[in-house]
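I have placed the structure first, in the form of structure tokens, so that the comments after it can refer back to it.
Taken together, the values in this text are just the output of simple stated rules run on the coordinates, not laboratory data. These numbers come from a predicted model, not from an experiment. Note that we place each Cβ from the backbone using ideal geometry, even for glycine, and neighbour counts take in every protein chain shown.
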Amino acid sequence: MALLPHFDCREPLDVAKVRSALVRSGVAELHSLVPVETVDRWRSEAEGKYEVFSELMRAEGIDPRADKVRRREVMRRSPGRLDIRLDGEQDPGWWSELSDFSAIADLMLALLKPGYRHLFSGIVVSQPGARVQHTHRDGGSGLFPEQPLPLPAYAATVFVPLTGFGPEYGPTEFFPGEWLTDPDENTEPVSATLHPGSALVFDYRIPHRGGANAGDVDRIYLYSVLARPWFGDHLNYDEPSLLK
């Protein structure tokens, strides 16, 4: 079975080697990065935010487990899967904690260069019964879709799984190295292999998709998006806001 580039944070991390893997493949797994007690706290915080926004959706007649929604803070990207953006007063401060891990701080500095910034954080919730997601790139077709260019990374995402760690919960699937063209229909994606305390780091342009959740609980990922100072995400969230 094909594996994504992976590194054990219990050992001294060679940041240049991880960066090279990201440049080559577009994604890397960092195992044993976050203490389990921190994962437990983040899970509790994420579940609380999920409930808050579920209540806000219900107040507007939106079923958080069934209806389509496209708001500034919440996007249903595919059936059974919600993306909840947490910024401003809703930001729990996860990036501040993540950036305290030298493996993450040094890697982002090497990948995105000095001056990079935190755009926003959030959670992705894959509900039981969610089907395989459509293949997509978070950053769309790149900066110049009319003339694809092999540019260095300008944005990246850090994913930290909080629940649903086994393969039955549909971990994220990636198409490593597919930078300038869409994956061929015969190309098989590679599933992330994550455990409590692990993290995924991936380039904003890499094609990926959420797997089918055949488990009996929500699969919840915490995420933070980082970018070079001139880049901003204008594709993924729409007005109006759920927050009054």
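Going 7 Å from the Cα of Glu55 toward and past its Cβ, which residues in the range 106-146 have a backbone nitrogen under 12 Å from where you end up? Answer for this model: none.
Computed from the C-beta positions of Ser99 and Arg41, the FRET efficiency with R₀ = 22 Å rounds to 0.85.
Would you mind classifying the chain by shape? Square roots of the alpha carbon gyration tensor eigenvalues, ordered a ≥ b ≥ c; an a/c under 1.5 is rounded, otherwise it is prolate if a/b is larger than b/c and oblate if not. Verdict is rounded for the chain. Sorting Lys244, Lys113, Lys68 by the number of Cβ atoms found within 10 Å of their own Cβ, with the fewest placed first, yields Lys244, Lys68, Lys113.
Fewest-first ordering of Ser126, Ser44, Ser99 by other beta carbons within 10 Å of each residue's beta carbon gives Ser44, Ser99, Ser126. Add +1 for every Lys or Arg and -1 for every Asp or Glu among the other residues with Cβ under 15 Å from the Cβ of Ala103, and state the total. Here the count lands on -4. Expressed as a rounded percentage, what relative contact order does the chain have, with Cα pairs under 8 Å and six or more residues apart? Normalised by residue count, the contact order of the chain is 31 percent.
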